[in-house]
Amino acid sequence: MEITIHKKDNKIVFDLEGSLDIYTSLDLKSALEDNVKESNIDVCINLDRLNYIDSSGIGILIKSLNYIQSLNGSMCVANLKPSIEKIFKVSGLTTYFEILSEDEFTKRYKDVINQ
């Protein structure tokens with residue numbers, strides 16, 4: 001999995017590409033812990049190039065959300081492909097995570113991703 005990180009002010013976007021699974025979920029955990037240390041941060045996990053997610057990937061997203069909320073921050077996920085969105089719906093994660101469409105993501109984070 002490839003992780004690209006975009007930062008500006010109190011916003012961070014993590015672009016994920018490939019698979020978020022048992023083999024790569026710790027990479028995301030490390031990237032988040034290395035880059036998210038201050039309070040009141042706004043984090044978005046962009047999944048538009050994610051091809052696959054398993055229970056380990058979902059677990060790390062939940063742990064990440066809890067970690068960021070413990071710092072009084074917010075976290076969303078964006079650009080879910082239909083197959084990944086189905087996993088989020090079936091597992092009840094659509095009520096747990098703020099999920100942004102492509103348009104919502106672009107509007108909210110354009111200053112971060114277009115640097």
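Rule-based calculations on the coordinates, nothing more; no lab input. Worth saying up front: this structure is predicted, and the values here are computed from it rather than measured. All Cβ positions, even for glycine, are placed from backbone atoms using ideal geometry, and neighbour counts span all protein chains on display.
Taking each residue of region 70-98 that is closer than 15 Å to Ile45 by Cβ and looking for partners that are exposed (fewer than 13 other Cβ atoms within 10 Å of the Cβ) with beta-carbon atoms closer than 7 Å, six or more apart or interchain, yields Gly73/Ser39; Gly73/Asn40; Asn79/Glu102.
Region 1-53 holds strands (runs of 3 or more DSSP E) entirely within its bounds, and those carrying 2 or more residues that are loosely packed, with under 14 Cβ neighbours inside 10 Å map to 2-8. Restricting attention to region 1-14, the residues being within 11 Å of the chain's Cα centre (by Cα) and either in contact (Cβ under 8 Å) with a residue 60 or more places away in the chain or more than 16 Å from Met75 (Cα to Cα) (or both) number 3. I'd like to check something: does region 66-79 contain any residue that is surrounded by 15 or more Cβ atoms within 10 Å (Cβ to Cβ), closer than 20 Å to Asp21 by Cβ and in contact with an Asp or Glu (Cβ under 6 Å, 6 or more places away or on another chain)? Looking through region 66-79, at least one residue is surrounded by 15 or more Cβ atoms within 10 Å (Cβ to Cβ), closer than 20 Å to Asp21 by Cβ and in contact with an Asp or Glu (Cβ under 6 Å, 6 or more places away or on another chain).
Of all residues in region 62-89, those satisfying the criterion of being touching a helix residue (DSSP H, G or I) at 6+ places or on another chain (Cβ under 6 Å) and on the phi < 0 side of the Ramachandran plot are Ser64, Met75, Ala78. When you look at Ile60, is it closer than 16 Å to Asn35 by Cβ, touching a residue at least 12 places away in the same chain (Cβ under 8 Å) and assigned to a helix (DSSP H, G or I), yes or no? So Ile60 passes the test. Report yes if Ser39 is within 23 Å of His6 (Cβ to Cβ), of a type in the set (Ser, Thr, Tyr) and touching a strand residue (DSSP E or B) at 6+ places or on another chain (Cβ under 8 Å), otherwise no. It is false that Ser39 is within 23 Å of His6 (Cβ to Cβ), of a type in the set (Ser, Thr, Tyr) and touching a strand residue (DSSP E or B) at 6+ places or on another chain (Cβ under 8 Å).
Selection over region 15-60 of residues that are among the polar types (S, T, N, Q), under 14 Å from the mean Cα position of the chain (by Cα) and under 16 Å from Met75 (Cβ atoms) gives a count of 3.
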